[in-house]
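Student: Structure incoming, see below.
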Amino acid sequence: MSAGYQHYYVPHQSHWPIVGAIALFLMGFGAAHWVNDDFIGPILLTIGFGMLLLMLFGWFGNVIEESMSGLYSEQMDHSFRQGMSWFIFSEIMFFAAFFGALFYARMISVPWLDGAGDNAMTAAVLWPNFEAIWPLIKTPAGVETQAMPWEGIPLINTLILLASSVTLQFAHMGIEQQKPAQLGFFLMLTIILGFCFLALQGYEYVHAYEELGLRLDSGVYGNTFFLLTGFHGMHVTLGAIFLTVIFLRIAVKGHFTSEKHFGFQAAAWYWHFVDVVWLNLFVFVYVL
Amino acid sequence: MSQEHSQSIESANTHHADDAHDHKPQGFSRWFYTTNHKDIGTLYLLFALLMLFTGGSMAMVIRAELFQPGLQFVDPHFFNQMTTVHGLVMVFGAIMPTFVGLANWMVPMMIGAPDMALPRMNNWSFWLLPCAFTILLSTLFMEGGAPAAGWTFYAPLSTTYSNDSTAFFVFAVHLMGISSIMGAMNIIVTIFNLRAPGMTWMKLPLFVWTWIITAFLLIAVMPVLAGVVTMVLTDKYFGTSFFNAAGGGDPVMFQHIFWFFGHPEVYIMILPAFGIISSIVPAFARKPLFGYESMVIATASIAFLSFIVWAHHMFTTGMPVAAELFFMYTTMLIAVPTGVKVFNWVATMWRGAMTFETPMMFAIAFIVLFTIGGLSGLMLAITPADFQYQDTYFVVAHFHYVLVTGALFGIIAGVYFWIPKWTGVMYSERLGQCHFWCSLISVNMLFFPMHFVGLAGMPRRIPDYALQFADMNAFISIGGFLFGLSQLLFVWVVFRCIRRKGEKATAQVWEGAEGLEWQVPSPAPYHTFQTPPEIKSGH
Ligand code: HEM
Ligand SMILES: [Cu+2]
């Protein structure tokens, strides 16, 4: 507990939260209609998404304004930091669910289908010809695919993301040591690396679909591959947009000082988190 | 909210006439745009009450159908929708939001904070809930009806054999999850960061402690639920085979992921109730809580253990014997910290100068009846015994003892305890006692015989049953209707308080109650503790 008392800023009313709630409602309701092939689905989803963007602009706009006008105490800053940390923790647990599915499929369900443990009858009765190998290039039902090798694009992408974490660190040093040129250059470089990663990932998906026959529906190998890399890719996209917004705030608006730059730091934490997720992906989805 | 009504709030509150800060926005914007923890708490509580009755009316449909053997009122598919949506609404719509509502109201007051740490996000968390339940409940009116795979939505019931409602269910759960995670983040950050100077960890009221741990559990496992519903969605609509052996997956994998969420989830629904009981018992025994530190440690160990017991829901899925044994022993281990808690409550009452107002009555009933639920849990934890009990009414009896006479009774006790602080008037003690005895008798008529029909082999989630269960089921149904009716008394009591009918409450309200929340006037001013209060003595 800090000794001196500073006023804790409690914002007055805001209409953004309820706009956000309605936006997510429209998106969820729309998406549900969409997957059931109802034409209204994509329309609702788009409207909802538009509202969400509006809400994000408005809400963050308010927060930035309040912060710039000095309404936020140090305690408030702690709230933001802790909130962001818990948010990242929740994201880790989201990925944990998919990693759990990957490990389970690989260590348990696939071997069991081939009779491991006391499951000899499972193999004999269900799919006698099934062979447990990982990556699962032939499912029990006989769907075939090729495995995605880790050499090549995945390796390059790993290097790209690792490099981007380093460049981001240089940018951070730039902000702390008040070297705007260093900050701008390395932040820009980080963003470019992020988008390069995404472009290569997109290319890899095309390659998987067209040449390897590796698809979302090619059995549990393809499932875990696409869901894990797909959600990771979405997070990279978000992180890159987050960093871009920070870049614009610095370049256009001149926000952030060497002491107060939590917006920057939050984006950086997020980026590093996405990076660590990738390292796990690279090891468990591609290499092993 | 009418002008008149709010005036009565102002006039009931004499302590802050000077206070320009205490001005309250009115009308539409007060409730929709609010950032005030008390308003948001009220919204949560009222929403949860509505959901309690929504889920409750589904339970009435179930009990009406089961009143006699054979099919009377609804067809089996609709019956399944009722059990499914009843469970979902009660878990995610009634119990969890009530606890968040109580935390909103009480945590800032208990720790001397001006409000929640992130007030706007607080509003967002709340308003996502009506959105989520609109989506979920709308499926009842769709072609093919609502989800019918059980609140546990096991694959392949929820994938291969489900209808279009699955996607609505999945996105509704996503919204509920986002809401819970944001709510939990807000609460945990508030407690970590906004405690008044001097409010050290070991001075925190136990309700606050249990909420720290609950919030942690929520943030840890709600994303896992989001993950598993996502896999259900892709399995059903996008051709993945996470839960389909033909593609190398496994339906049992669904159960592992689901219960990795699901078991901590049941503790999410009981830990805050433990906190409430730990506030009430000392107040009415007029003695400090026995074993405060051990309560904190017990809560933390329960939370830790709750991550390594999940497969006790899956004993009959054919896991390897080593796993069966592991999960049997860890599950039994949970009984130890739970026992510590029960012991401490009883020891707190020991030689106390007790009085038996309604909150205390519900608290005592909680202690006894929750323990019955804990003991049936222990029976279920014995793997070979569970082979017999699994999927029978015995399980239904178990979890209704812990959830209705546990979580819900804890909540009701808390509402009686704190409503004078919220509204500024005492509830009617006569009505409260009446509500208590009606509830107590009917709830046991409702759930106790379920142990017997369960042990005798009556399966759960089936609209029809063998003739030998007929008498018991008629009795159970009568208990069910009576319990449903008794809760109307509760609504009456609550609305009388909201309409300010009753004796004016003092700031202290209860002679033996301790803590910051009893030092502010009743009703609590719109803004409490804009400057942090001074913390004097222990917990
Ligand atoms: C002493 C502590 C407890 C033990 C040993 C225990 C044990 C068990 C076991 C072994 C089962 C699985 C039964 C089966 O499906 O065959 C079960 C089910 C259940 N328990 Fe507990 N339990 C305990 C406390 C609780 C608490 C505190 C709650 C919630 C507040 C709870 C809620 C549930 C629910 C909801 C189910 C049924 C889930 C379903 O299949 O729908 N339990 N319990
Ligand atoms: Cu459990």
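Values in this text are rule-based calculations from the coordinates and carry no lab data. Bear in mind that the values here come from a model prediction, so they are computed numbers and not experimental data. Using ideal geometry, Cβ is built from the backbone for each residue, glycine included, and neighbour counts are taken over all protein chains shown.
Student: For chain B, build the charge dipole from Cβ charges (+1 Lys, Arg; -1 Asp, Glu) around the Cα centre, then report which of B:310, B:489, B:228 sits farthest towards its positive end.
Tutor: Of B:310, B:489, B:228, it is B:489.
Student: Follow-up. What whole number of Å gives the distance from the Cα centroid of the range B:39-71 to the Cα centroid of the range B:334-375?
Tutor: If we compute the Cα centre of each part, the gap is 27 Å.
Student: Could you give the C-alpha radius of gyration of the range A:224-288 expressed as a fraction of 2.2 N^0.38 Å, taking N as the number of residues it contains?
Tutor: 1.37
Student: Say the dipole of the protein assembly as shown comes from +1 at the beta carbon of Lys and Arg and -1 at that of Asp and Glu; which of B:114, B:467, B:210 then lies farthest toward its positive end?
Tutor: Of the listed residues, the answer is B:114.
Student: Now a separate question. Amide H neighbours of residue B:392 under 5 Å, counting only residues 5+ apart in sequence or on other chains, H built in-plane at 1.01 Å?
Tutor: Residues meeting the amide H criterion: B:460.
Student: Follow-up question, since we're still on this one. In angstroms, what radius of gyration and Dmax does the range B:477-528 have, counting Cα atoms only?
Tutor: In order Rg, Dmax, the Cα atoms of the range B:477-528 give 15.8, 46 Å.
Student: Here's something else I'd like to know. For the range B:230-240, in order, what is each residue's ³J(HN,Hα) by Karplus, 6.51 cos²θ - 1.76 cosθ + 1.60 with θ = phi - 60°, in whole Hz (x at glycine and Pro)?
Tutor: Karplus-based 3J(HN,Hα) across the range B:230-240 equals 4, 5, 4, 4, 6, 5, 7, 10, 10, x, 7 Hz.
Student: List the pairs from B:38/B:341; A:260/B:38; B:24/B:203; B:287/B:421; B:341/B:504; B:24/B:501 whose alpha-carbon separation is above 28 Å, in the order I gave them.
Tutor: B:38/B:341; A:260/B:38; B:24/B:203; B:341/B:504, as the Cα separations exceed 28 Å there.
Student: While we're here: Could you give log10 I(q)/I(0) at q = 0.05, 0.06, 0.07, 0.11 Å⁻¹ for chain B, computed by the Debye formula over C-alpha point scatterers of equal weight, without solvent?
Tutor: Scattering profile of chain B, log10 relative to I(0): -0.19, -0.28, -0.38, -0.98.
Student: Still on this structure: Which residues does the label zone of residue B:456 cover in the range B:367-385, counting backbone N under 17 Å from a point 7 Å along Cα→Cβ?
Tutor: No residues fall inside that zone.
Student: So what does the Cα-only Debye profile of the range B:166-300 read at q = 0.13, 0.16, 0.20 Å⁻¹, as log10 I(q)/I(0), no solvent term?
Tutor: For the range B:166-300 at q = 0.13, 0.16, 0.20 Å⁻¹, log10 I(q)/I(0) is -0.67, -0.86, -1.12.
Student: Give me the inter-chain shielding for B:216-222: mean count of other chain Cβ atoms within 10 Å, whole number please.
Tutor: 3
Student: Binned at 10 Å from 0, what are the whole-percent values of the Cα-Cα distance distribution for the range B:400-539, short to long?
Tutor: Reading upward from the zero bin: 11, 30, 25, 17, 11, 5, 1.
Student: Taking the alpha carbon gyration tensor of the range A:1-116, what are the square roots of 5 times its eigenvalues, largest first, to the nearest whole Å?
Tutor: Each semi-axis is the square root of five times an eigenvalue, giving 39, 27, 8 Å.
Student: I'd like the orientation of helix B:358-381 relative to chain B: the angle between its Cα long axis and the longest Cα principal axis, in ° from 0 to 90, rounded to 10.
Tutor: Roughly 30 degrees between the two axes.
Student: Moving to a separate point now. For the range B:511-519, just list the computed ³J(HN,Hα) in residue order, Karplus coefficients 6.51, -1.76 and 1.60, θ = phi - 60°, integers in Hz, with x standing in for Gly and Pro.
Tutor: Rounded to whole hertz, the list is 3, x, 7, 10, x, 4, 5, 8, 9.
Student: Using only the alpha-carbon atoms of chain A, report the extent along each of the three principal axes, biggest first, to the nearest angstrom.
Tutor: 72, 43, 41
Student: Here is a further query. Note down the Stokes-Einstein diffusion coefficient of the range B:416-467 in µm²/s, whole number, using a Kirkwood radius over alpha carbon pairs, 20 °C, and 1.002 mPa s.
Tutor: Calculated translational D: 151 µm²/s.
Student: Any idea what the relative contact order of the range B:335-491 is, in percent, if you count C-alpha pairs under 8 Å spaced at least 6 apart?
Tutor: 27
Student: A further question follows. Can you order the peptides B:270-276, B:112-118, A:84-90 by their average number of other Cβ atoms within 10 Å per residue, highest first?
Tutor: B:270-276, B:112-118, A:84-90
Student: Let me ask you something else. What share of all Cα pairs of the range B:63-150, in percent, falls into each consecutive 5 Å distance bin?
Tutor: 3, 11, 17, 17, 14, 11, 9, 7, 6, 4, 2, 0
Student: Per-residue Cβ counts within 10 Å, from other chains only, averaged over B:229-237: what number is that?
Tutor: 3
Student: If you don't mind, there's one more thing I want to ask. For the range B:333-451, state the average projected area of the convex hull of the C-alpha atoms over all orientations, rounded to one decimal in nm².
Tutor: Over all viewing directions, the range B:333-451 projects a mean Cα-hull area of 8.5 nm².
Student: In the range A:207-275, with Lys and Arg counted as +1 and Asp and Glu as -1 at Cβ, which of these residues, A:262, A:213, A:223, has the Cα nearest the positive end of the dipole, that is, farthest along it?
Tutor: The listed residue farthest towards the positive side: A:262.
Student: Continuing with the same structure: Assuming 0.692 mPa s and 37 °C, estimate D for the protein assembly as shown with Stokes-Einstein, Rh taken as the Kirkwood radius over Cα pairs, in µm²/s.
Tutor: The estimated diffusion coefficient comes to 116 µm²/s.
Student: May I pose another question? Taking each pair of different alpha-carbon atoms in the range A:156-288 once, compute 1/r for the pair, average those values, and report the inverse of that mean as the Kirkwood hydrodynamic radius in Å to one decimal.
Tutor: Kirkwood hydrodynamic radius for the range A:156-288: 15.6 Å.
Student: Treating only the Cβ of Lys, Arg, Asp and Glu as charged (+1, +1, -1, -1), what charge dipole size does the range A:60-168 show about its Cα centre? Round to the nearest 20 debye.
Tutor: In debye, rounded to 20, the range A:60-168 gives about 260.
Student: Hey, could you pull the Cα Rg and Dmax for the range B:249-385, both in Å?
Tutor: In Å, with Rg to one decimal and Dmax whole: 17.1, 60.
Student: How big is the charge dipole of the range A:1-104 about its Cα centre, in debye rounded to the nearest 20, if each Lys and Arg gets +1 on its Cβ and each Asp and Glu gets -1 on its Cβ?
Tutor: Computed charge dipole of the range A:1-104: roughly 80 debye.
Student: How large is the dipole of the range B:383-530 about the Cα centre if only Lys and Arg carry +1 and Asp and Glu carry -1, each at its Cβ, rounded to the nearest 20 debye?
Tutor: Value, rounded to 20: 600 debye.
Student: By what distance, in whole Å, do the Cα atoms of the range A:139-184 stretch along each of the three principal axes, largest value first?
Tutor: 61, 18, 11
Student: Can you give the convex hull volume of the alpha carbon atoms of the range A:35-182 per residue, in Å³?
Tutor: Considering the Cα atoms of the range A:35-182, their hull volume per residue is 237 Å³.
Student: Determine, for each peptide in B:52-64, A:59-71, the mean count of other beta carbons within 10 angstrom over its residues, then list the peptides with the highest first.
Tutor: B:52-64, A:59-71
Student: I'd like the Karplus ³J(HN,Hα) series for the range A:205-220: coefficients 6.51, -1.76, 1.60, θ = phi - 60°, whole numbers in Hz, and an x wherever there's a Gly or Pro.
Tutor: Karplus-based 3J(HN,Hα) across the range A:205-220 equals 4, 4, 4, 4, 6, 8, 9, 8, x, 8, 10, 4, 9, 8, x, 5 Hz.
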